[in-house]
Amino acid sequence: MPRTSLVPLGLMQTGPAVKPALVFLCQRIPYPPIKGDRITSYNVLRHLTRHYRVFLGTFFDQPGDGAGTPTLRGMVEALHIEGIRKPWAYARALPRWLMGEPISYALFRSRRLDRWLDEVEAKHKPVAIVAYSSNIATYAIDKFRRSGTSEPRRILIFGDVDSEKFVAYAQRARGLFKRVFAIEARRVRREELRLARRADVVTLVTEDEAELFRIPRRPFHILARYSRSPGRWTIYRMSKPSAGLPARFFPAFARYCLMPDS
């Protein structure tokens, strides 16, 4: 199926023309940018808003996180934000876990967000869906299917590989928790690979992490690599004939989005 052409970041014409719509999804509210994942997601959001009408879908799980909502509303075209109230959220996610879904993914399943994204798709036809973190990337991959018309680009930003985190938890845990973490690691790895296969673009931090995603007959191509202590971002694209994203997109994306400000 043909896909829309995504204008390279930094090359968008300025002026009275209406910016194209873009959906950005992240697992935690990106403002204020006070720690790791929020710093990255805020920089992604800030750069995207310069060139796109951004529709932001996100969550919060701490009582004070909602304080950043007014600032975000001033940055984006539209905002959908909802709370994950623990421990009750685990009870709501339990049926999905029993059916085989990772619990860390089930926590972010929301009918309200689903409906909101359907409205954005119906009214605005976004040119791209950018998801930060694998546990919210399901919305980017499984939604926005179009019949007889071009589909949006799907760009997944993996700040780390969550399945490896649960492998480490299982190695340190004992008894029942060891078993639970091992199950979660397998389920998350399965879902990460599924998402990566269907994405147009995946960003990863290290070569070791990229190895976990290499798929026979569907290799990743390195488009750009940037070093910055203590980590390194490597931008990969899967070898889809239809991907067609301009290489110039990636240096701008890495430089302005993935790197926190000095």
Charge dipole of the range 21-193 about the Cα centre (unit charges at C-beta), most positive-ward option of 23, 127, 176:
176
Using the Cα centre of the range 21-193 as the reference point, and only Cβ charges (+1 on K/R, -1 on D/E), how large is the resulting charge dipole? Debye, rounded to the nearest 20.
260 debye
Straight-line reach check, residue 19, cutoff 16 Å on alpha carbons, 8 or more apart in-chain or any other chain, hits among lysines -> 123, 125
For each of 132, 42, 31, count neighbouring Cβ atoms within 10 Å of the residue's Cβ, then give the residues from fewest to most.
31, 42, 132
Test of understanding: ordering 211, 77 by Cβ neighbours within 10 Å, fewest first, what list do you get?
211, 77
Full-extension gain in nm, residue 50 to residue 147, via 0.36 nm per residue minus C-alpha separation
31.9 nm
Can you give the extra length, in nm with one decimal, that the chain gains between residue 67 and residue 178 once fully stretched, where that is 0.36 nm per residue apart less the Cα-Cα distance?
36.3 nm
I need the phi-derived Karplus couplings for the range 167-172: 6.51 cos²θ - 1.76 cosθ + 1.60, θ = phi - 60°, integer Hz, Gly and Pro marked x.
4, 5, 4, 5, 5, 8
Considering the dipole of the range 21-193 built from charges on the beta carbon (Lys and Arg +1, Asp and Glu -1) around the Cα centre, which of 43, 74, 102 is farthest to its positive end?
102
Computed FRET value (nearest 0.05) for residue 34 with residue 193, which takes r as the C-beta separation and R₀ as 22 Å:
0.10
Burial-style ranking of 45-57, 97-109, 167-179, average other-beta-carbon count within 10 Å with highest first, yields 45-57, 97-109, 167-179
Leaving out same-chain residues fewer than 8 places away, which aspartates and glutamates sit with a Cα under 12 Å from that of residue 86?
61
Return the distance in nm (one decimal) between the two label points of a simple spin-label model at residue 82 and residue 99, each offset 7 Å from Cα along Cα→Cβ.
1.6 nm
Sequence of 59, 24 once ranked by neighbouring C-beta atoms within 10 Å, starting from the fewest:
59, 24
Taking the Cα centre as origin and putting +1 on Lys and Arg beta-carbons and -1 on Asp and Glu beta-carbons, what dipole magnitude results for the range 73-168, to the nearest 20 debye?
300 debye
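Every read-out reported here was derived from the displayed coordinates using simple, explicitly stated rules and does not represent laboratory data. Worth saying up front: this structure is predicted, and the values here are computed from it rather than measured. As a convention, Cβ positions derive from the backbone with ideal geometry for all residues, glycine included, and neighbour counts pool all protein chains shown.
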